[in-house]
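Just below is one structure, and these are the notes that go with it.
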Amino acid sequence: TPIRFDLNSPEVIADPYPHYARLREDAPVHHDRELDLWVLSRHDDVAAAVRDHARFSSESGGPWSDLSANPFNPSTRVPAPVAAAVERLLSPRVLLTSDPPDHTELRRKVAPAFTPRRIAAWEPRVREITEGLLGGAAARDGRIDLVRALAAPLPSMVIAEMMGVPPGRRDRFRRWSDEAVDGLLAHGSLLRTLHGTAMMSAHFAAAVRRRRRDPRDDLIGLLVAGGDEAPLSTGELVTFCVLLLVAGNETTTNLISNTVLALLENPDALEAVRADPGLAGAAVEETLRYDGPAQGLLRIAKADARFGDVTIPAGSRVLLLIASANRDPRRHPDPDAFRLDRGRADHLAFGTGVHYCIGHALARLESTVAIESLFRLGLAPRLAGRPGRLDSPVLRGLRTLPLALERVPA
Ligand code: HEM
C-alpha cells in the first residue's frame with residue numbers, strides 16, 4: 001500500500017521525526033504524487049545524492065523560479081511581472097542554486113571572506129552583543145521570549161555589522177531580511193519575500209558602489225575586492241549578499257531556539273550544561289543532528305537514478321531529507337536520544353560536498369556563544385509558556401520560546 005506522507009500537514013510540522021522513521025522503514029524512496037516530488041530519507045541515500053552534484057542538480061531557472069513554483073507552498077503564486085521586476089535586480093548566477101563549474105568559480109570568489117580565522121576574530125564582538133541582549137532581558141523581570149530577545153536579533157545584528165550597515169538602518173535592514181524568508185513558511189507570502197528582497201537589493205547595490213569608490217575592510221568590501229582577475233558584477237555581489245541573509249539569519253535563529261528547547265526537554269543534558277557551560281558547543285552540535293534548522297534540500301535529477309529497486313526518472317524533483325538522515329539508526333546509534341557525548345559531527349545539517357554551508361563556522365560561533373552566555377550569567381532557564389512552532393516543512397524552528405530566567409546562587 002502506498003504510504004501517506006504529507007509534509008505540509010500540521011502533524012508532520014509539529015513532529016516530523018516519527019513520520020521520517022516510517023519513511024525510512026517502509027518507503028525510503030518515496031514518490032509524493034500530489035507534489036510530484038521524490039523523497040529520500042535514509043542517511044546513505046541522502047548523503048550519496050547530496051554528494052552527487054552531477055546527477056542531482058541544484059540548478060533552477062533563475063533566482064525566483066524555485067519560489068514562484070515553491071513545492072512546499074503550492075497554494076501561493078507570485079504574479080509573473082512582480083517576480084520579473086525583482087529578478088532584474090538579481091543575478092541569475094546564485095551560489096546555492098548553481099552547479100559546477102559555475103558554482104566552483106563563484107564559491108572560489110566568496111570563500112575568502114568566510115575563512116575560519118576571519119569568523120573566529122568576531123568572537124569577542126559576538127559575545128558582547130549576546131551579553132548586551134541577555135543582560136537587558138534579565139534586568140527586566142526575568143521573563144523573556146528567547147526568540148525575540150536573543151535568537152532572532154543576534155544573527156541579524158552580527159551580519160549587519162559584518163556588512164557595515166550603519167546603525168540607523170539596522171532595524172529596517174532586519175525587517176527586510178525577515179520578509180525575504182516569509183515565502184518559505186507554509187502560509188507565508190511570496191509578495192513579502194519579493195518586497196524584502198527588492199528593498200535589500202537596492203541597499204546592497206548602493207553599498208557595493210560605495211565600496212568600489214571607497215574600499216573598506218568589511219564583508220562587502222572583501223567581496224568587492226575578492227574577485228581577483230575576474231571580479232564579480234554588482235548584480236552578482238548583491239545577489240550573494242541577499243543569499244547570506246536568507247540562508248544565514250533564520251537558520252541560526254532556529255539553531256539557538258532548537259538547542260534551548262532540546263535542553264529543556266532533556267533535563268540531564270540541561271543540568272550538565274548548567275554545571276559546565278563549556279559544553280554549550282556539544283549541545284549545539286547535537287542539536288544540529290537531532291533537530292536541525294534545515295530539514296531537506298531540493299534537487300533535480302539530471303539522469304535516471306537507481307536506489308535499490310526503485311528508479312527516480314531524469315527530470316524529477318527530489319527532496320533529500322537531511323534531518324531524517326540524521327536520525328537514521330543505521331548511522332547514529334540510539335538516534336532519538338539527545339546526547340552530549342557523541343563526539344562526532346558526521347551529521348548532514350550543513351549539507352555535504354560542494355555546497356557545504358559557507359556560514360557553518362559563523363552559525364556555530366553565534367549559537368555556542370548564545371547558549372554558553374545564557375548559562376554563564378548564572379541564569380537558569382525554565383519554560384514559561386507554550387513554545388510556538390514555525391509553520392514550515394523545510395525550516396524547523398520556533399516563533400516564540402517563553403522562558404523564565406532565574407538567577408541561581410553562585
Ligand atoms: C548552504 C544550512 C547558517 C550561508 C547551506 C546548506 C545547508 C545550510 C544545509 C547546503 C544547501 C544545499 O546543499 O543545497 C545552514 C544551517 C545554518 C546555516 C543549518 C545555521 C544553523 C548559515 C549562515 C550563513 C549561511 C550563518 C551565512 C552568513 C550559506 C550559503 C550557502 C549555504 C551562502 C550556499 C553554499 C553553496 O551553495 O556553496 N547552509 N546554514 N548559512 N549556507 Fe548555510
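Tabulated data
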quantity: Among the candidates R344, R331, residue that is free of Cβ contacts under 8 Å to residues at least 12 places away in the same chain and more than 16 Å from the ligand (Cβ to nearest atom); calculated: R344
quantity: Filter result (within 16 Å of E372 (Cβ to Cβ) and among the polar types (S, T, N, Q)) within the stretch 112-131; calculated: T130
quantity: Scan of the stretch 39-51 for residues that are under 19 Å from D309 (Cβ atoms) and either open to solvent by 30 Å² or more (accessible area, probe 1.4 Å) or among the β-branched types (V, I, T) (or both), ordered by number; calculated: V39, R42, D44, D45, V46, A48
quantity: Residue selected from the stretch 359-396 under the condition within 9 Å of the ligand (Cβ to nearest atom) and open to solvent by 30 Å² or more (accessible area, probe 1.4 Å), by the criterion nearest to T259 (Cα to Cα); calculated: R364
quantity: Selection count, the stretch 86-119, where residues are assigned to a helix (DSSP H, G or I), more than 11 Å from the ligand (Cβ to nearest atom) and farther than 16 Å from E59 by Cβ; calculated: 8
quantity: Residues located in the stretch 253-303, provided they are more than 13 Å from the ligand (Cβ to nearest atom), within 28 Å of R407 (Cα to Cα) and touching a strand residue (DSSP E or B) at 6+ places or on another chain (Cβ under 7 Å); calculated: V260, L261, L264, R274
quantity: Some residue of the stretch 133-143 being modelled with pLDDT under 90, in a loop (DSSP other than H, G, I, E, B) and either hydroxyl-bearing (S, T, Y) or within 29 Å of I13 (Cα to Cα) (or both); calculated: no
quantity: Test set (1) surrounded by 15 or more Cβ atoms within 10 Å (Cβ to Cβ); (2) in contact with a helix residue (DSSP H, G or I) (Cβ under 7 Å, 6 or more places away or on another chain); (3) assigned to a loop (DSSP other than H, G, I, E, B) - P335 fails condition number; calculated: (2)
quantity: Matching option when the condition is under 19 Å from L365 (Cβ atoms) and in contact with a Gly (Cβ under 9 Å, 6 or more places away or on another chain), among L219, L150, L133; calculated: L219
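The values are calculated or read from the model by the stated rules, or taken from the named source; none is laboratory data. Nothing here was measured: the structure is a model prediction, and the numbers come from that model. No Cβ is skipped: glycine too gets one built from the backbone with ideal geometry, and neighbour counts run over all protein chains shown. In case anyone asks, the SASA skips ligands and DNA or RNA and just uses the protein heavy atoms, side chains included. Shrake-Rupley method; radii C 1.70, N 1.55, O 1.52, S 1.80 Å.
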